[in-house]
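Working notes for the structure below.
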Amino acid sequence: MASSSSSQGGLVELASPSLQPQIKTPLISYLGPAGHLYSRFSQWRTSIGLPNPGTVEGLQKEVKNTLLTNFFFDGARADLNKALSMNPAFQVTHSFHLASQTSMPSYNFGAVFANASLFLQGGVDHDGNLNARINQGWSPNNVTKIQASISGDPQHEGFQMEHDYQGQDYSVNAKMLNPSPIDLSGVFIGSYLQSITKNLAVGMETVYQRMQNQSGINTSALIKYTSTERNWIATTQLQPSGILQSTYWQKLSDKVDFAADFQAVIKPQMRDAIASLGVKYDLRMSTVRAQVDSTGKVSALLEQRFAPTFAFLVSGEIDHFRNSAKVGVGVIIETSTLTPEEMGMPSQPYPPPYP
Amino acid sequence: MPRTWSSLFTVSDDTKEKLAKGIDVSRLILHYGWVPFVIYIGYTRSNPQPSLIKLISPLA
């Protein structure tokens, strides 16, 4: 899915920073000396030219895209995507998934609409469970996102609303999960990430959980280090309750990405740690992902594109500690009602007429 | 004016019932209306506009 948030980081970095204080100054001048101090401060801040650190949600974006965990499937699946319009984008998807060891056979219908500022997505499965999503971009730096899932089973129902703001050298996000106006319960999350140097960004995420009879607050620290060439990224998230997650991502060449992920739980009652290593090759017509982790699992996924409209997927996983294995095959077929000219491809020259 | 600030946030049982009913109704509307709404928006804004049979059928 082309979520509008993924492109935000690039946009903010490109925006010319020198324009901002000139626009702000007249408004600020009404505040007297405090406003003067603020405009001096923001000018000084602009002159350092720190980059935007990216969103807190996207802290591990590169690692998640390289590791196989989010792409793995077993059994058989078929996705039929139909693009009905390019600008604005409108697409419907039929997906079938059968013979999986972990889930029942399922059918899912989805519709996606996206233009420059609005993204709408709706999905419904054979049981009538609904997934809904809206992203509304108010400006290049301000995005509001709403997600809801509705089903007969209250355990799988959820509502989430969040707002993302990306400043010149910082990002702020406020989120609420399952807020209820009746008893004011829900989970409220606020996060802030600030660039300190051109490479280093630090931040924090606070989770406030409010139930009928109890509430709790939990703050975690975030650190992100990006190399000067932007070809490797290291991140750490630490919760004082004893949960540590560290990731490392490196672009080894144009076509090869490497990622490592380490998660540890250190509490008086339990100690546990999992490490995974993954690599992704992007070849001309295919993508290969392979992964090894410390629980004894070795897995791989091949995504082979035979034609622009047809892709074939094979995945496999062997759990050496439990002596079990999973395999999956899949096809992705993309059809379009559009002619090549409408899709923005160069038109074929007409054959010359008979003399 | 509320006498204390905490009384501002306490909701009467009657209002609670109304709120719960309102949430239930909007859930129902969202459940059955969302996918048709996305398809309607996509269908009317599409350029060029596709035919309806191509929209729904997986094979056409």
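Some observations on this one:
- Rolling a 1.4 Å probe over the heavy atoms of the protein chains gives segment A:61-336 an accessible area of 53 Å² per residue.
- Model label sites at A:Ala325 and B:Ile53, defined 7 Å from Cα along the beta-carbon direction, differ in position by 4.6 nm.
- D (Stokes-Einstein, µm²/s), Kirkwood Cα radius, segment A:264-330, 0.692 mPa s at 37 °C: 237 µm²/s
- Carbon-plus-sulfur accessible fraction, chain A (probe radius 1.4 Å, protein heavy atoms only): 62%.
- For peptide B:44-54, the mean count of partner chain Cβ atoms within 10 Å of a residue's Cβ comes to 5.
- Working from Cα pairs under 8 Å separated by at least six residues, relative contact order for segment A:61-336 is 14 percent.
- Just so you know, the averaged projected area of the alpha carbon convex hull for segment A:108-244 sits at 11.3 nm².
- Simple label model, 7 Å out from Cα along Cβ direction - A:Asp183 to A:Ser241, nm: 1.9 nm
- For GluC sites (Glu not before Pro), the sites in segment A:152-251 that DSSP calls loop and that have at most 15 other Cβ atoms within 10 Å are A:Glu157, A:Glu229.
- Shape class of segment A:199-349 from the alpha-carbon gyration tensor: prolate, with a/c at 1.5 or above and a/b greater than b/c.
- Take each residue in A:116-125, count the other chain C-beta atoms within 10 Å of its C-beta, and the mean is 3.
- Per-residue mean of foreign Cβ neighbours for B:28-37 is 5 (Cβ atoms of other chains, 10 Å radius).
- Each residue of segment A:267-281 was assigned a 3J(HN,Hα) from its phi angle through the Karplus expression (A = 6.51, B = -1.76, C = 1.60, θ = phi - 60°), giving 10, x, 8, 8, 10, 7, 8, 10, 10, 10, 10, x, 9, 10, 10 Hz with x at Gly and Pro.
- Global geometry of segment B:13-56, whether rounded, prolate or oblate, following the gyration tensor of its Cα atoms and the 1.5 cut on a/c: prolate
- The share of Cα pairs per 20 Å bin across chain A, counted from zero up to the longest distance, runs 21, 57, 20, 2, 0 percent.
- Interface area, chains B and A: about 2400 Å² of buried accessible surface, summed, with a 1.4 Å probe and ligands, DNA and RNA left out.
- Remark: accessible surface ordering of A:Trp44, A:Trp249, A:Trp232, A:Trp138 (largest first) is A:Trp138, A:Trp44, A:Trp232, A:Trp249, probe radius 1.4 Å.
- The aspartates and glutamates whose alpha-carbon is closer than 14 Å to the alpha-carbon of A:Lys198, local same-chain residues fewer than 8 away aside, are A:Glu13, A:Asp169, A:Glu229.
The values are calculated or read from the model by the stated rules, or taken from the named source; none is laboratory data. As the structure is a prediction and not an experimental result, all values here were calculated from the model. Positions of Cβ are generated from backbone atoms using ideal geometry, with glycine treated the same way; all protein chains shown enter the neighbour counts. Side chains are part of the model used for accessible areas, which takes the heavy atoms of the whole protein and leaves out ligands, DNA and RNA. Shrake-Rupley method; radii C 1.70, N 1.55, O 1.52, S 1.80 Å.
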